[in-house]
Amino acid sequence: MTRTAYHEALERTRLDVLRMGALAEEAVRTAIAAMDRRDTELARRVISGDDPLDDLRRRVESACIELLWRQQPLAGELRTIAAMLETIVDLERVGDHGVEVAKRAIAIADLPVRPANVEITKMGTIAADMLHDVVVAFAEQDADIAQTVIDRDDEVDVRYHNGIRALQEAMEEDPRMVPAATQMLFTLGSVERIGDRAQNIAWHVKEMLV
């Protein structure tokens, strides 16, 4: 493989990582919307859309391995390949968390009583925005944007703990809330982990740019 062909293959692989990021972000936003609107059709769309994300992860992984053995990468290239391998793992898990939220949205859709004032939608929007920004940071190789994503994870954590307290209070006040509140507790956990994954990717970007 010539150096020109090598760089072209590296760029194709990088673009696939960006496609993974776009798919993961769409899955998160759609799953949160499905939960908010009690829309089971949207939720099923997220679940059925997980396979393309998994396929892209396998393709990027194979491409990275080939890039490593075809030629000895330079230091910057090696950091990029390592960052891509780490990033696709986090993006795949983001997709999985989106599926988990979608499944909870289906489970909760027909429950007549559900707690109000739980910050799942706001929290999910923040996590999705973090994911969007970190993909931009990866695309533009911008450490400053990556740092803003790292800093924003605290906001997700605060809303996570606020949401747990609100659900606990709702269940104590009205036992009818328990089935829905239980599903929403799991949803809060999934969204909090999406924020963590976005933060992980931000660290991968910063390490790539050292």
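The values are calculated or read from the model by the stated rules, or taken from the named source; none is laboratory data. In this text, all values refer to a predicted model and were calculated from it rather than measured experimentally. Methodologically, a virtual Cβ is constructed for each residue, glycine included, from the backbone with ideal geometry; neighbour enumeration extends over all protein chains shown.
Suppose the filter is among the hydrophobic types (A, V, I, L, M, F, W, C), under 15 Å from the mean Cα position of the chain (by Cα) and closer than 19 Å to Leu188 by Cα; does Val17 pass it? In short, no.
The residue that is surrounded by the fewest Cβ atoms within 10 Å (Cβ to Cβ), counting only those in segment 176-204 that are in contact with an Asp or Glu (Cβ under 8 Å, 6 or more places away or on another chain) and under 21 Å from Asp142 (Cα atoms), is Asp196. Being among the acidic types (Asp, Glu) and farther than 24 Å from Ile88 by Cβ is a property that holds for Asp110. Of the residues making up segment 170-210, those that are of a type in the set (Lys, Arg) and closer than 19 Å to Val158 by Cβ number 2.
Only one entry in Ala166, Ala139 is at pLDDT 95 or above and assigned to a helix (DSSP H, G or I), namely Ala139.
Checking Ala9, Ala22 one by one, the residue that is surrounded by fewer than 21 Cβ atoms within 10 Å (Cβ to Cβ), in contact (Cβ under 8 Å) with a residue 24 or more places away in the chain, under 16 Å from the mean Cα position of the chain (by Cα) and assigned to a helix (DSSP H, G or I) is Ala22 and no other.
Against the condition modelled with pLDDT of 95 or more, at negative phi and surrounded by 14 or more Cβ atoms within 10 Å (Cβ to Cβ), how does Arg37 come out, does it pass? So Arg37 fails the test.
Answer yes or no: is there a residue in segment 70-85 that is over 19 Å from Ile194 (Cα atoms), in a loop (DSSP other than H, G, I, E, B) and among the hydrophobic types (A, V, I, L, M, F, W, C). Checked segment 70-85: at least one residue is over 19 Å from Ile194 (Cα atoms), in a loop (DSSP other than H, G, I, E, B) and among the hydrophobic types (A, V, I, L, M, F, W, C). Taken over segment 75-108, the criterion of being buried (at least 16 other Cβ atoms within 10 Å of the Cβ) and either farther than 20 Å from Arg59 by Cβ or aromatic (Phe, Trp, Tyr) (or both) is satisfied by Arg79, His97, Glu100, Val101, Ala102, Lys103, Arg104, Ala105, Ile106, Ala107, Ile108. Pull up segment 173-206, narrow it to residues that are charged (D, E, K, R) and modelled with pLDDT of 95 or more, then point me to the one that is farthest from the chain's Cα centre (by Cα). For segment 173-206, the residue satisfying everything is Lys206.
Does Asp51 satisfy the criteria of being of a type in the set (Asp, Glu), in contact with a Ser or Thr (Cβ under 7 Å, 6 or more places away or on another chain) and surrounded by fewer than 18 Cβ atoms within 10 Å (Cβ to Cβ)? In short, no.
Yes/no matrix, rows are residues, columns are (1) free of Cβ contacts under 8 Å to residues at least 40 places away in the same chain; (2) under 29 Å from Thr187 (Cα atoms); (3) of a type in the set (Gly, Ala, Ser):
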| site | (1), (2), (3) |
| --- | --- |
| Asp39 | no, yes, no |
| Asp50 | no, yes, no |
| Trp69 | yes, no, no |
| Leu85 | yes, yes, no |
